[in-house]
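We did not get these values from a lab; they are worked out from the coordinates using the rules stated. Model, not experiment: these values are computed from the prediction. As a convention, Cβ positions derive from the backbone with ideal geometry for all residues, glycine included, and neighbour counts pool all protein chains shown.
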Amino acid sequence: MGTEQIWKQALACSETALAASALVPLPTSVHTLAGADGLDFELRHLTGTTPKHLRAAGPRPNPFRPWDQRLAVRSVGEHHTLILNKFPVQIGHMLLITSEWAPQSGWLTERDWQALASVDSDTTGLWFFNSGPDAGASQPHRHLQLLPRHVGQAVCPRDRWYRMRSSRPVRSDGDLLEQSCASAPMDAAACSGERLSATYRNLCGSLGIGSPEEMDRPRHPYNILLCRDWMALVRRSRDGVHGFSVNALGFAGYLLATESSDRDWLNAVGPEELLRQVARNHP
């Protein structure tokens, strides 16, 4: 069991960064949105000005070259750095970035997974990854993200959904969400970089995303969700619909609404329909 020293360090860094105006938490109001099978979603409505990274697409400077040293938590090995998310909804939200340039849209490497495993051995939680703009990524520089959780704490609203499916094969028919998701059980005691990398490659293969041996970059955009009990991949077709931009957290049960989001539509069709419309296209 980890000592959560990294989480404590992130919280201390957050206090300093807040005082220096380097950290800009997003003000939101929280609502519960009923989902299927008794799995409610958490809908946050942004109450302040929409930050630039959530607005319409266009050329953006790389915020990680260099990264703001006021947001730095610690180095992770020789090739990765852990920093605070500048615009968090949850204080302590961290980004694991490559210290040198690597594309968000490229394959994750065993080196990336080793860095993640190193952090997770001390501070665990919900890890997530958005493979590019159509999967909800706002930056092209490689970064995995962590929302810390205490050991034994539910990692996300849809935790049970992934637990139930972590030993099932991908469905080729039926509900589009089932077709779009592949998941696998994980063993916290054996979550090495090598094991994580192998699981990631297997899940990519099962969803038709491809493999590093076959192609230079993944065939389709995708999201990753990971905790100590399961890893899940979701194949994507587009970033959003009806004014909702959906990244990996949407598939975890966390949705964010801005002034352009059609909440009446969402209330009418339900959150799962939103996920279906941004998941993989029908074969």
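Table for the structure above
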| item | result |
| --- | --- |
| Paramagnetic reach from ARG195 in the stretch 115-145 [backbone N under 16 Å; point 7 Å along Cα→Cβ] | 115-125 |
| With eigenvalues of the C-alpha gyration tensor scaled by 5 and rooted, the chain, Å | 26, 24, 19 |
| Within the chain, helix-based [θ] at 222 nm, where runs of 4 or more DSSP H residues each add -39,500 (n - 2.57), nearest 500 | -7000 deg cm²/dmol |
| The stretch 65-121: relative contact order in percent, alpha carbon pairs under 8 Å with at least 6 residues between | 28 percent |
| Computed label-point distance, nm, for sites GLU213 and ALA154 using a 7 Å Cα→Cβ extension | 4.0 nm |
| The chain, relative contact order [Cα under 8 Å, separation at least 6], % | 21 percent |
| Where labels lie 7 Å past Cα in the beta-carbon direction, separation of LEU39 and GLU15 in nm | 3.8 nm |
| Which of LEU226, LEU95 has the fewest Cβ neighbours within 10 Å, and the rest in rising order | LEU95, LEU226 |
| DSSP loop GluC sites (Glu not before Pro) with at most 14 other Cβ within 10 Å excluded, longest remaining stretch of the chain | 101-212 |
| When the convex hull of its Cα atoms is projected in every direction, mean area for the stretch 87-241 (nm²) | 9.4 nm² |
| Under the span-like rule (Cα at least 18 Å along the axis, Kyte-Doolittle mean at least 0.0), DSSP H helices of the chain | 5-19 |
| Inter-site label distance for THR32 and SER206 at 7 Å from Cα along Cβ, in nm | 3.2 nm |
| Choice from GLY205, GLY174, GLY35 showing the highest fluctuation, given a GNM over the chain with Cα pairs closer than 10 Å | GLY174 |
| For the chain, share of DSSP beta bridges that run antiparallel, in % to the nearest 5 | 90 percent |
| Modelled FRET efficiency - R0 51 Å, ASP187 with ASP264, Cβ distances, 0.05 increments | 0.70 |
| Mean projected area (nm²) of the alpha-carbon convex hull when the stretch 154-275 is viewed from all directions | 8.5 nm² |
| For the chain, built as a Gaussian network whose Cα springs stay under 10 Å, the top-fluctuating residue of VAL30, VAL234, VAL246 | VAL30 |
| For the chain, built as a Gaussian network whose Cα springs stay under 10 Å, the top-fluctuating residue of PHE41, PHE87, PHE129 | PHE87 |
